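Written below as structure tokens is the structure these notes are about.
The values are calculated or read from the model by the stated rules, or taken from the named source; none is laboratory data. Bear in mind that the values here come from a model prediction, so they are computed numbers and not experimental data. Note that we place each Cβ from the backbone using ideal geometry, even for glycine, and neighbour counts take in every protein chain shown.
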């Protein structure tokens, strides 16, 4: 048992000795010399002629036993205990400083001073603050300059402009199709969240550079992109492919991208900020619907046309309010299948999304009775196109108009007769609503009916809408 124990002990000792004795060589290029460490001593192995080391008197074969100046946190241990990285750093004179080496020569112990030829960097601490480990490697002179840099950094931080991103975007997907977006818009290819960038530059803004890690956003924003001088800048970059947005099931999902902003203002230090842009996708959620959106096309007068009428149709177009902003838009007429029948006229585009609807007029083809279906054919910067929901105007003959007038009169007469009969049958129609509703639904003049909160809703045959009977209040 004892011999086996001794054998294992000797084996462990031999392995530890071999590990400790594994030599390595480091080269101090700026000083022009190399040294070798074997775990017990550090020996100079090469000195370049006319180098910093040569001028200091360093020679091949000398043993470096210590560093007198400058004191550094990581050089307080014996030099042979340092690893290659620390030893190379310890034996390199820092820019614009001296390194005092304690060496053993054939004549005995000596002290050599290596003077660095490297100038002091213009900005020795481009990134602050340093970690504790980084600070432990500083010389006293470097530590002093670092403290000065910290003060400068604090002053710069107070003067450095800030930027804030405001954004809240939700996409609604029903049966694999986009049904609407709150806080943004989309092309057939990309979803564009609406983002408002607020900055503290005021009138001194020069530019904001916006980029994304995915590479699909690379924008330069300037003061003229703001709606008012010194105000926030609104944008809607393409961040998520529509295929990714539509690929959703069940519970709401969240997508996120990070945007990087570089902010430049006159007379102030540059600033950089990262902010996250989030998208909530609601899939097949019947209880959550997008808010109302401004139609890009609104038809005005006339409401109807007679065959042969040449009166121009007035309208308002809001193509400039679409998100994202189109590169061009054209007023088109569609057939019954929704295909472009003819292209009518280019649509004016406002300077920004805050402008109101722009007036436009067009003369329709009224040579025959028909339904005119008008829409905007929009082209986006990604090359995709989109058709807005069609808006209609009826072109009728005089006989049709007269027939509609007679139908309206008949409908009004039926409605008046129904109300008179309702009041004759029930002194208080709302006292017994089930009985009243049963009577209403059975009435020959009524097409449909239902109840509401202290209301009776009914639709007279021939009418296009429901009428309301209000119950009295106590």
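Looking at residue 382, is it within 31 Å of the chain's Cα centre (by Cα), assigned by TED's automatic domain parsing to the domain that holds residue 314 and either surrounded by 13 or more Cβ atoms within 10 Å (Cβ to Cβ) or under 20 Å from residue 306 (Cα atoms) (or both)? It is true that residue 382 is within 31 Å of the chain's Cα centre (by Cα), assigned by TED's automatic domain parsing to the domain that holds residue 314 and either surrounded by 13 or more Cβ atoms within 10 Å (Cβ to Cβ) or under 20 Å from residue 306 (Cα atoms) (or both). Output the residues belonging to the stretch 453-474 that are part of a strand (DSSP E or B) and exposed (fewer than 12 other Cβ atoms within 10 Å of the Cβ). Across the stretch 453-474, the qualifying residues are 468, 470.
Taken as a whole, the stretch 379-392 holds no residue that is without any contact (Cβ under 8 Å) to a residue 60 or more places away in the chain and over 30 Å from residue 192 (Cβ atoms). Taking the stated definitions as given, is residue 387 over 30 Å from residue 336 (Cβ atoms), within 57 Å of the chain's Cα centre (by Cα) and outside the structural domain of residue 190 (by TED's automatic domain parsing)? Taking the combined requirement at face value, the residue does not satisfy it.
Residues to consider are 68, 75; find the one that is surrounded by 14 or more Cβ atoms within 10 Å (Cβ to Cβ) and touching a strand residue (DSSP E or B) at 6+ places or on another chain (Cβ under 6 Å).
75
Identification of strands (runs of 3 or more DSSP E) wholly contained in the stretch 132-185 with 2 or more residues that are over 30 Å from residue 198 (Cβ atoms) yields 169-174, 177-182. Which ones in the stretch 93-129 are buried (at least 16 other Cβ atoms within 10 Å of the Cβ), in a loop (DSSP other than H, G, I, E, B) and either more than 56 Å from the chain's Cα centre (by Cα) or outside the structural domain of residue 71 (by TED's automatic domain parsing) (or both)? Once the filter is applied, which keeps residues that are buried (at least 16 other Cβ atoms within 10 Å of the Cβ), in a loop (DSSP other than H, G, I, E, B) and either more than 56 Å from the chain's Cα centre (by Cα) or outside the structural domain of residue 71 (by TED's automatic domain parsing) (or both), the stretch 93-129 yields only 125. Of the set (1) surrounded by 16 or more Cβ atoms within 10 Å (Cβ to Cβ); (2) touching a strand residue (DSSP E or B) at 6+ places or on another chain (Cβ under 8 Å); (3) under 16 Å from residue 375 (Cα atoms), all apply to residue 259 but (3).
Across the stretch 350-379, the qualifying residues are those that are surrounded by 15 or more Cβ atoms within 10 Å (Cβ to Cβ) and in a loop (DSSP other than H, G, I, E, B), and the one among them that is modelled with the lowest pLDDT is 353. Go through the stretch 194-248 and give me each residue that's without any contact (Cβ under 8 Å) to a residue 24 or more places away in the chain and not in a loop (DSSP other than H, G, I, E, B). Those that are without any contact (Cβ under 8 Å) to a residue 24 or more places away in the chain and not in a loop (DSSP other than H, G, I, E, B): 218, 219, 220, 223, 224, 225, 243, 244. Out of 44, 64, 26, one residue alone is free of Cβ contacts under 8 Å to residues at least 60 places away in the same chain, assigned to a strand (DSSP E or B) and in contact with a helix residue (DSSP H, G or I) (Cβ under 7 Å, 6 or more places away or on another chain). It is 64. When residue 236 is tested against (1) surrounded by fewer than 17 Cβ atoms within 10 Å (Cβ to Cβ); (2) closer than 22 Å to residue 320 by Cα; (3) modelled with pLDDT of 90 or more, exactly one condition is not met: (1).
Condition check ((1) surrounded by fewer than 13 Cβ atoms within 10 Å (Cβ to Cβ); (2) under 30 Å from residue 191 (Cβ atoms); (3) touching a helix residue (DSSP H, G or I) at 6+ places or on another chain (Cβ under 9 Å)) across all residues:
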{"position": "386", "(1), (2), (3)": "no, yes, no"}
{"position": "390", "(1), (2), (3)": "no, yes, no"}
{"position": "396", "(1), (2), (3)": "no, no, yes"}
{"position": "399", "(1), (2), (3)": "yes, no, no"}
{"position": "402", "(1), (2), (3)": "yes, no, no"}
{"position": "414", "(1), (2), (3)": "no, no, no"}
{"position": "423", "(1), (2), (3)": "yes, no, no"}
{"position": "429", "(1), (2), (3)": "no, no, yes"}
